[in-house]
Amino acid sequence: MTHPDLDVLSAWVHGGVEPDGLPEHVDACAECRDQAEALRDEARLLEGALAAPADLEARLLEQARPRRSLLWQIPIAAAVLLGLVALLAEPGRRHEVVSGRLALDDGRELAPKAELAAEKSWRIRAVEPSRIRLADGSAVELQPAAQVGLAPVEGRGVEAELVSGAVALAVAPGPRRLTLRFPAGRLETAEGRYGVKIVSAEQGGEPMLAAAMVTLVSGTLSLSNPHGALEVSPGQSAFLTASAAPLLTAAPQDRQEDLLRRLEQLAAAIARVEAQIAKLEERNKQLKVQVQNPGAAPGAVWVGGSSGATFKVIQGTGTATDNGVILEVQTRDANLKKGEK
Amino acid sequence: MAVDTRARPAAEPAASSADLVRRYSREVYLLSFRILGRREDAEDAAQETFLALFRGRTKLEGAASEKAWVMTVARNTAISLGRSRRRPALLVDDLLQAPPIESPADPERLNQALAALSEEERLLLQMKFQEKKSPAEMGEAVGKSPGAAATALCRALARLRQQYQGEAP
């Protein structure tokens, strides 16, 4: 038989179809044998090329590590902070958009693979959740509507400004700290992961009040503003406003104990106050007049006691009335003055 | 107290993030690759898919099962990633029959060639060379008779070889 068509050979090599006489021909024909072998090689090649990368699962599991869930336990407005893949690329002279969609001030849109020269300043707004790799190797993740500014600076190469919205940062290690500025102050970190959310209110387009909540996931973090400075430890959150020094909020891990302790203190204080009220009420109810002159006739009016109340004797035993309510009144001050009837 | 922000399919126990990865990373990658055609794009898409699943940003309404939920997110992620990374396919003369691709192959040329195929063509190749499916099984997957599936596979393979041999534009 003549040399079989490539497709026919292929159908035979890969199993399933065996035309009459084909195996015998291939046995005898060197050219077709080579071709069959080439087809088998090709199959192996494609199997490899189409397969999932061997380390894919490991890399994805890395993303799923429990360490990330610390971010979800932190009491910052819902689902704002995101997990990060630390992108420790070689520091270059460009910032690169890794994913998402962003817009520049002039309206130009940035898509993944877009690059920004690090020696220029940029003001960027996220349209969708986005990720940028900075020239120093750090990664910034922006929530929609988050605005950041990037500026060139000596040493680190880039300085970031958070204008509004929420971002998470993974800061690449480096000899100089990365500075992140925002209206309420600035923070610097040499390496680490942290999330920042800016809360700001605007009036007529101008930010009137800006506060930032920062949570450090790992690494080191210094917060400062004109009113003070603060070192933050991993797991801690800090609150930064323009008008006061940075303030540590309750750290997540001792938050529960702290709350419980405060609740106990409150409960004890309430109990004390309630006891005092009860005592006073008792005292109010049980003011008894000790009549200096037993035998004072019913109807006599007495004024006295530390309160200067007027008592009218109803009976000889010293029972008195006040405002028409019959009270048993007892005072420490036993000196009652006889008053007008 | 931790707040679990992950969405879950109804009536199924919650899977941890690691469980999801172990169960579905390969399939998510293969689906992403079919849609996008390039290995690194498929990896990015897989990563974005699982990030979206971990964050619980995606809703589950109408998902028949955990798998359907995961694969829907994967498909949507890959498609939206593909929009920003569209690459043109090579136009190659249909009449030429190129020989089987030889080993060792030029990885970049092979990438380009795979990227130039359609989603269905990549699916056929995956089913044949990855999953070792029979023509009957392939036919079922693409809604064709076994014979038609085999023919389509032949054509896909032929096109792949042509793209590989063809000059880059």
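The values are calculated or read from the model by the stated rules, or taken from the named source; none is laboratory data. Everything quoted here is computed from the prediction, not taken from an experiment. Note: ideal-geometry Cβ built from the backbone for every residue, glycine included; neighbour counts use all protein chains shown. SASA here: full protein model, heavy atoms, side chains in, ligands and nucleic acids out. Shrake-Rupley method; radii C 1.70, N 1.55, O 1.52, S 1.80 Å.
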List, in the order given, every pair from A:K113/B:K128; A:K113/B:K132; B:K67/B:K144 whose Cα-Cα distance in the structure shown is over 32 Å. A:K113/B:K128; A:K113/B:K132
What spacing in nm lies between the two simple spin-label points modelled at A:I277 and A:R44, each 7 Å away from Cα in the Cβ direction? 8.7
Can you give me the Kirkwood hydrodynamic radius for segment A:1-48, using every pair of distinct Cα atoms, in Å to one decimal? 10.9
Tell me: how much accessible area in total is hidden between B and A, 1.4 Å probe, Å², nearest 100? 3700
What is the average number of partner chain Cβ atoms found within 10 Å of a Cβ in A:107-120? 1
Fully extended contour minus Cα-Cα distance, from B:S65 to B:D19, at 0.36 nm per residue: 15.1 nm
Evaluate peptide A:214-223: per residue, the Cβ atoms of other protein chains within 10 Å of its Cβ; return the mean as an integer. 0
